[in-house]
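**Student:** Right, I'll just put the structure down here and ask away after.
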Amino acid sequence: MVLILIGSSIPGNAYPKVDLLNADKIVHLFEYGFLGFLLFKAFPQDKTIYVLGLIICGILFGNFDEWYQQFTPGRFSSYWDILADSIGVIIGVTISKISWKKIK
């Protein structure tokens, strides 16, 4: 989470221009997918309420990160980024839960 916040603190003009349409959404998806994966690995539980709690925590952090990012020069928050963050967290937690069940 600290690494995500550090990345959000880098001014927008420090990032290279990418010509791919919505390439940043793919980055958000993988970034928060990895966060979701790590959240479940840190708190592995089989109960649905715990899994939903981890997903909600990841989504709330994504919302906080987007809010925080708007105070960084050259950066802005986007509802599409929040959506990509949320989908990433859900995918990451789900993949981690499936792999945990197979190992268990």
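**Student:** Across every pair of different alpha-carbon atoms, what Kirkwood hydrodynamic radius in Å does segment 22-72 reach?
**Tutor:** 11.9 Å
**Student:** Further question: Ranked highest first by average number of other Cβ atoms within 10 Å, how do 80-91, 48-59 line up?
**Tutor:** Working: 80-91: 20.5, 48-59: 16.1.
Highest mean packing first, the order is 80-91, 48-59.
**Student:** Cα convex hull of the chain: how many Å³ per residue?
**Tutor:** On the way: hull volume 9.9 nm³, N = 104.
Taking the convex hull of the Cα positions in the chain, it is 95 Å³ per residue.
**Student:** May I ask you to derive the relative contact order of segment 21-103, considering only C-alpha pairs under 8 Å and at least 6 residues apart, and to give it as an integer percent?
**Tutor:** Value for segment 21-103: 51 percent.
**Student:** Among the listed pairs Lys47/Lys97; Lys25/Lys97; Lys47/Lys101; Lys41/Lys101, which have their C-alpha atoms separated by more than 22 angstrom in this model?
**Tutor:** Table pairs above 22 Å Cα-Cα are Lys25/Lys97.
**Student:** Another question about this same structure. Could you list Phe30, Phe40, Phe61, Phe71 so that the one with the fewest beta carbons within 10 Å of its beta carbon is first and the one with the most is last?
**Tutor:** Sorted ascending by nearby Cβ count, the order is Phe71, Phe30, Phe61, Phe40.
Rule-based calculations on the coordinates, nothing more; no lab input. None of the values given here were measured: they were computed from a predicted structure. Backbone-built Cβ (ideal geometry, glycine too); neighbour counts: all protein chains shown.
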